[in-house]
Structures are given as C-alpha cells and as structure tokens.
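Scroll down for the structure; my scribbles are underneath it.
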Amino acid sequence: METDTNSRSVVKERELNHAPEKVWRALTQKHLIEDWLMKSDFKPEVGHRFDLEADWGKVSCEVLAVEPHKSLSYTWAAHGLESVVTWTLTETPTGTHLKMEQSGFGPDQDQAYHGARAGWERFLDNLEKVVAGLDEEDAR
C-alpha cells in the first residue's frame with residue numbers, strides 16, 4: 001500500500017483509570033457509541049459497513065481491523081474526506097493508555113483537519129464520562 005506523504009493525521013491520547021475491557025465496551029457497543037460519538041449501527045466485525053449519524057450529516061464507515069481490548073480500525077468517509085480512524089488500547093498499571101489516530105487528511109483539507117482536532121477532543125471528553133459511568137458489574 002502506498003503512503004501519501006502529503007497526508008496528515010490527528011492523534012489524541014488519554015490515560016484512563018479504567019481497564020481496557022471497559023474502554024473497549026464504550027468503543028464497540030452501539031448504545032454506548034451513541035452516548036459519546038454519534039448514532040450508529042456499528043458491529044465489531046471486519047468488513048461490517050456502518051454509518052455514524054449526527055445533526056450535521058452522516059459518516060460512512062467500514063470496519064478494517066478488530067483486536068478485542070487492544071485495537072480497532074475503521075474507515076471514516078464524510079464530506080469528501082476519505083480517512084481511517086484507529087484506536088489503540090494499551091494496558092497500564094493504572095488502567096488504559098488510549099490512542100486515537102485519524103489519518104488521511106490531504107493538504108487541501110485544512111477545515112476538516114482542524115474540525116477533527118477540535119471534534120475528537122470533545123468526543124474523547126464524552127468517552128471518558130461514558131467509561132467512568134460503566135459499572136464494573138456490567139462488564140461480566
């Protein structure tokens with residue numbers, strides 16, 4: 001696969017005081033995804049096509065990779081942007097190091113790039129709240 005040297009990525013990282021299993025649930029269960037990101041018909045299955053819907057429009061996605069409690073990757077196509085979102089979960093002594101990378105912003109996509117930088121910050125704030133609200137007993 002060729003790499004476009006002109007493309008940019010948005011990378012956001014957080015340290016969460018929760019086990020990877022809990023964070024994974026918030027990333028992969030559609031009712032929880034709706035609480036922090038957007039409405040969706042997501043399933044953590046490679047090849048599954050799904051949409052994320054918000055008041056501003058729709059994002060078309062396809063699951064590319066699933067490694068439970070470790071990583072998740074899917075395409076993110078909206079308003080002319082063809083990108084890939086990759087989540088990486090690394091267990092730490094205090095919980096989980098969460099990394100989100102959205103790659104594929106072209107040099108002419110400044111508005112999308114800056115919008116994503118701000119948007120993911122808000123989404124991750126909401127994700128932290130959703131994960132914190134999950135009861136440990138629910139995880140069983």
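No value in this document is a laboratory result; all are computed from the given coordinates. Here the structure is a predicted model, which is why all the values come from computation and not from measurement. As a convention, Cβ positions derive from the backbone with ideal geometry for all residues, glycine included, and neighbour counts pool all protein chains shown.
What does the helix-only formula give at 222 nm for the chain: each DSSP H stretch with n ≥ 4 adding -39500 (n - 2.57), the total divided by the residues, and the result rounded to the nearest 500 deg cm²/dmol? Let's see the in-between values first.
Numbers: 3 runs with 40 residues, N = 140.
About -9000 deg cm²/dmol.
Count the net charge of all other residues whose Cβ sits under 12 Å from the Cβ of ASP110, scoring Lys and Arg as +1 and Asp and Glu as -1.
On the way: positive: ARG8, ARG117; negative: ASP108.
For residues surrounding ASP110, the net value is +1.
Tell me, which longest segment in the chain has none of the GluC sites (Glu not before Pro) that fall in DSSP loops with at most 11 further Cβ atoms within 10 Å?
Values: sites that count: GLU2, GLU45.
By the stated rule (loop sites, at most 11 other Cβ atoms within 10 Å), 46-140.
I'm spelling it out carefully: the read-out is mean projected area of the Cα convex hull in nm², the candidates are (i) 8.1; (ii) 8.6; (iii) 9.0, and one was derived from this structure. Which label?
Answer label, from the structure shown: (ii).
Assuming 0.36 nm per residue, please report the length gained on full extension of the stretch PHE123 to ASN17 beyond their Cα-Cα distance.
Working: separation 106, 0.36 × 106 = 38.16 nm, distance 1.74 nm.
Extra length from PHE123 to ASN17 when fully extended: 36.4 nm.
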